[in-house]
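The values are calculated or read from the model by the stated rules, or taken from the named source; none is laboratory data. In this text, all values refer to a predicted model and were calculated from it rather than measured experimentally. A quick note on method: Cβ atoms are made from the backbone with ideal geometry, for glycine too, and the neighbour counts reach across all protein chains shown. What goes into the accessible areas is simple: the full protein's heavy atoms, side chains included, and nothing from ligands, DNA or RNA. Shrake-Rupley method; radii C 1.70, N 1.55, O 1.52, S 1.80 Å.
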Amino acid sequence: MLDYAAYADHDATALAALVREGSTTAEELLAAARARAAEVNPRINAIVHDVEPPVPSGPEPEGGRPFAGVPFLLKDLNQRLAGVPTSGGSRALAGHPAAETAAVVQRWIEAGLVIFGKTNSPEFGAKGVTEPHVFGATRNPWDLAHTPGGSSGGSAAAVAAGIVPCAAASDGGGSIRIPASACGLFGLKTSRGLLPHGPEFGESIGGTSTDGVVSRSVRDSAAMLDVLAGPTPESPFLAAPGPAEGYAAEVGRDPGRLRVAVSWHSSVNPDPHPEAKAAVHHAAELLAAAGHEVVELDAAPVDDAQLAEDFLTTWFVNCAVAVDQARQLTGAGEDDFEPDTRVMAALGRATAATDYVRATENRHTHVRRLAALHAEHDLLLTPTTATPPPRIGAFDQPPLVQLAQKALLTARVGGLLRFTPLVDQMISENLGWVPYTQLANLTGRPAMSVPLHWTPEGLPMGVQLVGRLGSEGMLLRLAAQLEDAAPWFDRRPPL
């Protein structure tokens, strides 16, 4: 019988090896995961749905099932499992079962992962914290008074708390990297189009969003990428091929001497927390010690104020569509959605088509500016977040603000919210602590958060590295090098 201490000492790759060699069984691993969940989930609120583990339906692949027997959790946002509700953190969808299984979920099943639950997410993934009204806030295992970030906060909290060694996540504006940073984990957002969205969606949020995992080891994320990468018949285009031997084989290989540009400049948050700068300084020192060239920039590499405006314009419109689709699907009323979601949807409905197209077309400008940086530097290094993880409830709107918003929404003049300082305040507060991550989403470039720094109070703060299109292999090689230089796997929260 595998006890919990032994379970927690292994990553997913190692647990799968134990199952293959007969040292343990899938049943023992699932029992360990469920026992840990029963112990800690009441305190962190990471898992919001229990799931009866589905079984693979296809023939066993030629190379076997790489993660056979390893416990796993899905994110309760878009990662549909047929017959199981996918709420997206919304009361409107909490009881609505999915009609079909998402492509990435099916690939996880066929890889042998034992899916036994779904993790908490903010409503429609629209915030960098995980505090949906329908399920309540998820708490950071490193300090229960603080957020684990979002929108994959439930998954990150579950991994950090030792329920599973890695868990499903997704990223439309930083939602893999932000919670990875807040919970002391590794998180990689891949290049646009590398992973499928089918069969229901061809591209999520206009191609800015992708699925993935948060993990405790670089090799787990690399091996998971081998499981997920590649198109389906529904994919809108063919992504560039990955490394010939697969992504897992990149771990441990020499990344070579890289030229890294460093910046923490942001118009959205001109004064990041000293710990954000300390995290970057520490990462820069590790990179220089490994022989890489580190160059500090004197300004942000792109117009990040315009990028934030473009990001929010498209986000609000997509939020409006998500609300309308949920209402059509379930017959939900306006009160079945959170007030902030209703505000964002109202802003989306009030956005002119020309403004939406302009925001989408502006992505090319951001791509060109980032490409100019990558013409001279292999990677861009920034903080992942501008502040340590905020306290639970830090972004709750004051009662008077809530009343004003409700009055405008009830009067069906929600579009007027565009011209009030209330929304500007909401935007600055919600993006102010996470101004760095949207760049990779809008440009479609890969980016990772690496857990290299903890504050004096014991809260993790990662650093972000953004690469060229298709540079996942290089990112994984460098991440593994940093993992060797400053190991984080054995750092555990006091939970």
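For PHE116, neighbours were defined as the other residues whose beta-carbon sits under 11 Å from its Cβ, and their charges (Lys and Arg +1, Asp and Glu -1) total 0. In summary, the lysines within cross-link reach of LYS406, defined as a Cα separation below 28 angstrom excluding same-chain residues under 8 places away, comprise LYS127. Accessible surface comparison of LEU403, LEU15, probe 1.4 Å, protein chains only, largest first: the order is LEU403, LEU15.
One way to sum up the overall shape of the stretch 253-319 is the equivalent ellipsoid from its Cα gyration tensor, whose semi-axes run 29, 15, 11 Å, largest first. Counting only protein heavy atoms and a 1.4 Å probe, the chain has 38 square angstrom of accessible area per residue.
Judged by the mean number of other Cβ atoms found within 10 Å, the most tightly packed of the peptides 331-342, 469-480, 227-238 leads the ranking 469-480, 331-342, 227-238.
Taking label positions 7 Å along the Cα-Cβ direction at both GLU309 and ARG491, the computed distance is 3.8 nm, reported to one decimal.
Excluding ALA168 itself, what net charge comes from residues whose Cβ is under 14 Å from its Cβ, given Lys and Arg +1 and Asp and Glu -1? The answer is +1. The listed peptides 252-258, 197-203, ordered by packing as a protection proxy, come out as 197-203, 252-258 (highest mean of other Cβ atoms within 10 Å first).
Considering helices alone, the calculated mean residue ellipticity of the chain at 222 nm is -12000 deg cm²/dmol, with DSSP H runs of length four and up weighted by -39500 (n - 2.57) and normalised per residue.
Per-atom-type breakdown for the chain gives carbon and sulfur 53% of the accessible area (1.4 Å probe, protein chains only). Rg/Rh for the chain stands at 0.94; both radii use Cα atoms, and Rh follows the Kirkwood definition.
When only alpha carbons of the stretch 134-224 are considered, Rg and Dmax amount to 13.1, 39 Å.
So what's Rg/Rh here for the stretch 180-290, counting alpha carbon atoms and using the Kirkwood radius for Rh? That ratio equals 1.02.
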